[in-house]
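Please read the structure below before turning to the comments.
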Amino acid sequence: MASFRTSHSLPGRGWTGIKAAAAGGAAVLLLSACAPIQALEPAPERQDVPAAELDGRTVIEGGDLVMALSAEPDRLDPTTSSSLYTRYVMQTMCQKLYDIDAEGELAPQLATELPEISADGLTVSIPLRTDAVFADGSPFNAEAAKTTLERHLTLEGSTRKGELGPISGISAVGEFLLEITYETPFAPLTAALADRAGMMLSPTALEQAGDAFGDHPVCVGPFKFKERVPQTSISVERDPLYYDAGAVHLDTITYRIMTDANIRAANLRSGDVQVADTISPQDVDALVQEQGLGILQIGSLGYQAMTVNLGNVDGTGEPPGDLGTPLSRQADIRRALSMSIDREALVNTVFNSWYEPACSPVSPDSPYASELSEDCVDYDPEAALALLESTGAPVPFPITMQVTNSPDTLRYAQALQAAVSEGGFDLTILPVEYSTLLDVQTRGDFEALQLGWSGRIDPHGNMSNFLKTGGGNNYSGYSNPEVDRLLTEAAQSTDSDTRAALYGKVVEQVHKDNPILYLYRVRSLTGYTKDVAGVATYPDGVVRLGTAAFVEKEG
């Protein structure tokens with residue numbers, strides 16, 4: 001697999017070189033280091049557009065809607081999957097106990113009300129719908145919900161266990177009343193049940209398929225699984241057993257894998273696809289001007305980051321070990337690396353000011369944001385170089401970073417490569433296909449890698465699994481007892497101010513240890529053709545098609 005190492009990745013290139021790398025052209029890379037530095041324009045304020053509204057048009061019943069996916073989903077199993085693209089597909093097939101709305105507020109879905117929590121915070125009661133059945137005809141009830149949650153807690157390889165907290169028991173106390181008991185209070189539960197942990201799975205299908213459930217998932221939803229052609233497409237079809245079938249208009253949805261942003265844009269223009277995720281900032285300004293096309297856009301609660309392997313020697317979830325490398329052992333080297341990154345300048349240049357810099361896993365839009373969570377290490381390449389030299393490490397210090405092979409990611413990685421060279425780092429970029437990179441990070445087969453997390457409304461979902469010792473998404477192999485304590489204490493508190501303060505302290509410690517270097521936040525950009533309506537995308541990054549429809553064309 002080819003690596004990206006150029007003769008330009010040497011210390012001292014300066015900001016002009018970063019802009020050249022962002023442009024992505026070899027000729028541009030030859031710009032003189034004496035060229036004047038161009039001041040960056042501040043990123044404009046952008047208004048959220050979360051849904052393609054019907055606007056009085058008439059719905060056309062039936063049809064096959066085609067959505068272009070920018071990456072191949074991993075296993076279609078809510079218990080073990082870790083891909084945003086899997087969430088897109090599962091959203092149409094596997095409803096959850098709770099969901100969020102366009103404003104990010106929690107709302108019941110397969111539950112009928114928000115949970116009732118006992119005064120001591122240890123018992124949670126969840127009333128369930130009485131009119132839902134799974135796509136195989138199995139009844140949805142409290143026993144089925146119990147079976148699903150117990151699988152999340154016990155299945156080997158589950159990435160949901162840490163999201164559900166210290167559960168001590170799950171009971172069906174009535175046919176449609178679920179009760180969850182805890183060893184200690186766990187405030188993030190409802191938010192966790194508004195994502196994959198809350199997707200309900202058919203007990204019949206689980207018994208028949210076992211670990212192979214993801215090959216033919218069966219849930220409650222407006223659509224049911226039809227077919228998957230690896231690396232090509234996934235199709236779902238209308239489920240006649242769905243309790244709200246009257247709100248479903250399409251016959252089928254086909255998710256077609258198109259990893260190239262230019263091809264996704266071209267297929268939107270031609271009408272061969274009606275929806276396409278992750279429109280490139282390179283294309284979006286032109287697409288919004290085109291007749292017949294629309295762009296949904298909304299800020300993200302997630303982040304893009306560089307994860308550094310500190311101790312993931314036997315795979316995620318296993319006890320951390322010693323890699324024996326200076327990068328994994330010396331926090332000052334990682335801090336120097338972080339100090340070498342001008343996050344705002346990079347993101348504005350590479351992504352045409354559509355994305356935002358990020359310094360922590362807590363979104364500025366979150367009610368749990370604080371001064372500490374907003375804090376960022378100062379960009380200071382000279383001080384970074386001095387700090388790096390003080391560690392006794394070789395300069396330039398070599399690091400290999402694996403990234404997905406999408407053009408936008410590679411553009412950013414090349415700009416980052418140029419940027420950190422000023423701080424004394426020699427970054428080699430290794431492009432890897434997306435699903436392969438998911439496996440790489442789980443196995444711990446990397447020195448550093450860049451991937452994103454699409455974000456959850458509760459910061460627990462963006463932090464605990466990634467930073468707590470043994471967390472299901474702790475790809476770094478990071479372990480800090482103080483961080484573990486703070487995260488546990490935050491999850492046990494029901495006071496928002498207390499939780500915000502504790503998450504701020506976690507960020508403060510993470511900025512010292514740097515197992516993850518937070519880089520930027522995307523703005524979810526979803527293209528659609530205006531002969532469809534009902535497409536929506538919310539702050540959790542998921543594109544929703546459950547009630548989408550073809551509509552009569554505008555006058």
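The values are calculated or read from the model by the stated rules, or taken from the named source; none is laboratory data. As the structure is a computational prediction, the values presented were derived from the model and not from experiment. For neighbour counting, all protein chains shown are included, and Cβ atoms are generated from backbone atoms with ideal geometry for every residue, glycine included. Heads up: the accessible areas ignore ligands, DNA and RNA and are worked out on the full protein's heavy atoms, side chains in. Shrake-Rupley method; radii C 1.70, N 1.55, O 1.52, S 1.80 Å.
Residues that are at pLDDT 95 or above, assigned to a helix (DSSP H, G or I) and surrounded by fewer than 24 Cβ atoms within 10 Å (Cβ to Cβ) within the stretch 383-408 comprise 383, 385, 386, 387, 389, 390, listed in sequence order. If I filter the stretch 484-491 for residues that are farther than 29 Å from residue 297 by Cα, in a loop (DSSP other than H, G, I, E, B) and among the polar types (S, T, N, Q), do I get at least one hit? No, there is no match, as no residue in the stretch 484-491 is farther than 29 Å from residue 297 by Cα, in a loop (DSSP other than H, G, I, E, B) and among the polar types (S, T, N, Q).
Residue 157: surrounded by fewer than 21 Cβ atoms within 10 Å (Cβ to Cβ) and under 16 Å from residue 213 (Cα atoms), yes or no? For residue 157, the condition - surrounded by fewer than 21 Cβ atoms within 10 Å (Cβ to Cβ) and under 16 Å from residue 213 (Cα atoms) - is met. Considering the stretch 311-366, and only residues there that are open to solvent by 50 Å² or more (accessible area, probe 1.4 Å) and part of a helix (DSSP H, G or I), the residue that is nearest to residue 283 (Cα to Cα) turns out to be 344.
Name the residues in the stretch 444-475 that are in a loop (DSSP other than H, G, I, E, B), in contact with a Pro (Cβ under 8 Å, 6 or more places away or on another chain) and on the phi < 0 side of the Ramachandran plot, would you?
First, pick out the residues of the stretch 444-475 that are in a loop (DSSP other than H, G, I, E, B): 444-447, 454-459, 468-475.
Checking which are in contact with a Pro (Cβ under 8 Å, 6 or more places away or on another chain) leaves us with 455, 457-459, 469-470.
Those that are in a loop (DSSP other than H, G, I, E, B), in contact with a Pro (Cβ under 8 Å, 6 or more places away or on another chain) and on the phi < 0 side of the Ramachandran plot: 457, 458, 459, 469.
So which of 518, 528, 478 is within 28 Å of residue 338 (Cα to Cα), at pLDDT 95 or above, of a type in the set (Phe, Trp, Tyr) and part of a strand (DSSP E or B)?
Numbers: 528 fails: within 28 Å of residue 338 (Cα to Cα); 478 fails: part of a strand (DSSP E or B).
Only one candidate passes the filter, namely 518.
Against the list (1) open to solvent by 10 Å² or more (accessible area, probe 1.4 Å); (2) aliphatic (A, V, I, L, M); (3) closer than 26 Å to residue 488 by Cα, the condition residue 463 fails is (1). For beta carbons closer than 9 Å, sequence separation of 6+ or different chains, a first residue in the stretch 279-300 that is more than 26 Å from residue 363 (Cα to Cα) and modelled with pLDDT of 95 or more and a second that is among the aliphatic types (A, V, I, L, M) and crowded, with 20+ Cβ neighbours inside 10 Å, the qualifying pairs are 293/268; 294/52; 294/535.
Hey, among 386, 413, which residue is within 19 Å of residue 514 (Cα to Cα), in contact (Cβ under 8 Å) with a residue 24 or more places away in the chain and of a type in the set (A, V, I, L, M)? Please lay out each step first, then the result.
Numbers: 386 fails: in contact (Cβ under 8 Å) with a residue 24 or more places away in the chain.
Criteria check complete, one pass: 413.
For the condition in contact with a Leu (Cβ under 9 Å, 6 or more places away or on another chain) and without any contact (Cβ under 8 Å) to a residue 24 or more places away in the chain, residue 338 does not qualify.
Within the stretch 274-310, the set of residues being under 28 Å from residue 250 (Cα atoms), aliphatic (A, V, I, L, M) and open to solvent by 10 Å² or more (accessible area, probe 1.4 Å) comprises 288, 293, 295. If the condition is being without any contact (Cβ under 8 Å) to a residue 40 or more places away in the chain and not in a loop (DSSP other than H, G, I, E, B), then the stretch 126-148 contributes 139, 142, 146.
Take the residues of the stretch 418-443 that are over 25 Å from residue 157 (Cβ atoms) and in a strand (DSSP E or B): which is most open to solvent (accessible area, probe 1.4 Å)? Of everything passing the filter in the stretch 418-443, 430 is most open to solvent (accessible area, probe 1.4 Å). Among the residues of the stretch 531-555, write down those that are among the small types (Gly, Ala, Ser), at negative phi and either at pLDDT 95 or above or open to solvent by less than 30 Å² (accessible area, probe 1.4 Å) (or both). Listed by number, the residues that qualify are 533, 536, 546, 548, 549. Count of the stretch 252-272 residues, restricted to those that are within 23 Å of residue 48 (Cβ to Cβ) and either assigned to a strand (DSSP E or B) or in contact with a strand residue (DSSP E or B) (Cβ under 6 Å, 6 or more places away or on another chain) (or both), is 2. Residue 157 passes every criterion in (1) assigned to a helix (DSSP H, G or I); (2) more than 27 Å from residue 494 (Cα to Cα); (3) modelled with pLDDT under 95 apart from (1).
Being in contact with a strand residue (DSSP E or B) (Cβ under 9 Å, 6 or more places away or on another chain) and over 30 Å from residue 491 (Cα atoms) narrows it down to one of 180, 234, 167, so name that one.
Answer to the check: 234.
Where strands (runs of 3 or more DSSP E) fall entirely within the stretch 165-251, those with at least 1 residues that are touching a helix residue (DSSP H, G or I) at 6+ places or on another chain (Cβ under 6 Å) and without any contact (Cβ under 8 Å) to a residue 40 or more places away in the chain are at 167-174. Please tell me if residue 486 is among the hydrophobic types (A, V, I, L, M, F, W, C), touching a helix residue (DSSP H, G or I) at 6+ places or on another chain (Cβ under 7 Å) and open to solvent by 10 Å² or more (accessible area, probe 1.4 Å). It is false that residue 486 is among the hydrophobic types (A, V, I, L, M, F, W, C), touching a helix residue (DSSP H, G or I) at 6+ places or on another chain (Cβ under 7 Å) and open to solvent by 10 Å² or more (accessible area, probe 1.4 Å).
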